Amino acid sequence: MEQVSWWVRGFLGKYPEIMVSFACFLFLLFFRYRRRDGLPTNWPVVGSVPAISVNAGRVHEWLTEFLRVAPGMSHVARGPWGSPVDVLITANPADVAHVFTTNFGNYPKGEDFAAVFDVLGNGIFNADGDSWAFQRRKAHALLSDARFRAAVAASTARKLDEGLVPLLDGVAANADTNADGSDAADLLSLYMACQDELGKDGNELDRFLRDTTLNLMIAGRDTTSSALTWFFWLLTNHPDVEAKILAELRETLSSGGHPSAADLKRLVYLHAALSESLRLYPPVPFEHKAGARPDTLPSGPAVWPTRRVIVSFYSMGRMESVWGKDCLEFRPERWLTAAGRLRHEPSYKFVAFNVGPRTCLGKDLAFTQMKAVVAAVLPRFRVEVAPGAVVKPKLSIILHMKDGLKVRVYKRQDDAR
């Protein structure tokens with residue numbers, strides 16, 4: 001290594017004009033290709049790799065920054081010469097409506113997505129075509145079943161009583177069958193009962209059920225836990241919102257027993273606060289699509305089978321042209337009408353539960369569970385972020401906090417339970 005270094009120094013010392021020429025070439029190249037509009041540069045040879053490398057630790061924030069200034073809120077990023085990387089990134093609601101609804105059939109998940117997330121197998125997250133349609137149909141039937149909803153409500157109440165609340169009590173102190181005996185509705189059993197319809201047997205059926213179970217665990221657990229973590233963190237920074245939620249809980253819910261689904265539905269301000277949290281911190285921060293046939297998005301860029309489309313749900317919640325000048329503020333009131341009722345936004349604008357035919361089937365159930373957790377925790381405990389805790393999103397398929405949320409929990413003095 002020392003010999004190589006000595007040879008390079010000797011060569012450059014003998015031919016300094018080569019070093020000067022190369023430096024001038026790099027300077028001219030930078031001057032020719034650098035962008036003054038804030039968008040990442042697609043450099044010759046290396047593409048967008050330099051910008052990606054510099055911003056690897058803050059990808060979501062970086063995407064948001066340049067999509068704000070990008071024409072049509074969309075931008076094409078390319079990889080090094082010879083690589084297959086050709087990605088269209090967008091946060092434009094018109095593009096979202098086009099890709100996820102109007103021209104849905106042209107934008108399957110694609111083989112690349114399935115390859116990257118192969119651990120999910122052919123579950124509903126990865127599936128396209130008939131397999132996706134079958135799984136969605138069966139899941140929709142179950143989620144509409146009153147027995148299933150009752151089972152979820154009972155399970156949530158039990159976990160709060162036996163798990164979360166006692167756990168928080170301890171922290172604060174230190175600073176499948178229905179009740180009537182009927183079987184609870186179970187999606188896995190429902191799939192197993194449809195073996196003939198599935199057309200699978202033996203190892204193939206086992207693999208399908210494994211993929212289904214893993215997909216349901218991620219859909220029903222990780223997303224909700226991520227949403228609640230960001231929500232409680234936002235409350236620690238907005239005591240005025242926390243006070244309004246507490247007032248609504250005390251006015252709406254009785255002090256004894258568990259709130260019913262009807263009780264939770266009356267928590268309008270809490271629903272608005274959860275929606276506002278999901279706008280800023282969607283549990284699934286981006287979505288990946290591949291165009292089966294050539295197409296042109298409303299924002300202008302062309303799409304072809306080798307060009308991937310990435311929609312930044314995280315960035316969409318931070319676009320001033322979509323949500324107004326106060327788009328970075330946590331303001332639940334934006335979800336309320338003058339009469340105090342919930343304001344419903346179109347799914348291509350509020351994308352926390354996906355859009356179009358792939359809209360999350362568990363949306364209503366997720367709101368019910370999150371409200372139940374907040375109703376059980378907030379009146380009993382006060383949460384403070386631990387001093388020195390750094391809160392930033394983790395680059396992942398689910399928007400978890402990097403290193404989690406470190407908090408201190410205190411029992412509320414006015415809690416009579």
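Laboratory data are not the source of any read-out in this text; all were calculated from the coordinates shown. These figures come from a predicted structure and were not determined experimentally. When we count neighbours, we look across all protein chains shown, and the Cβ atoms used for this are built from the backbone with ideal geometry, even at glycine.
What FRET efficiency would be calculated for the residue pair Ser53, Ala302, taking the C-beta separation as r and a Förster radius of 30 Å, to the nearest 0.05? It would help to have the intermediate numbers written out before the result.
Values: r = 27 Å, r/R0 = 0.90.
Using R0 = 30 Å, I get an efficiency of 0.65.
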* Please work out the FRET efficiency for the pair Asp240 and Ala133, using the Cβ-Cβ distance as r and a Förster radius of 41 Å; give the result to the nearest 0.05. => 0.35
* Estimated dipole of the stretch 264-417 in Debye, rounded to 20 [Cβ of Lys and Arg +1, of Asp and Glu -1, Cα centre] -> 300
* To do: Grab the Cα-Cα distance for Lys392 and Ala262, subtract it from 0.36 nm times how many residues apart they are, and report the gain in nm with one decimal.
  => 43.3 nm
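Estimate the FRET efficiency between Lys349 and Asp161 by the formula 1/(1 + (r/R0)^6), using the beta-carbon distance for r and 51 Å for R0, to the nearest 0.05. Working shown, then result.
Details: r = 38 Å, r/R0 = 0.74.
After rounding, the FRET efficiency stands at 0.85.
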* If packing is taken as the mean number of other Cβ atoms within 10 Å per residue, what is the order of 42-55, 346-359, 79-92, highest first? -> 346-359, 79-92, 42-55
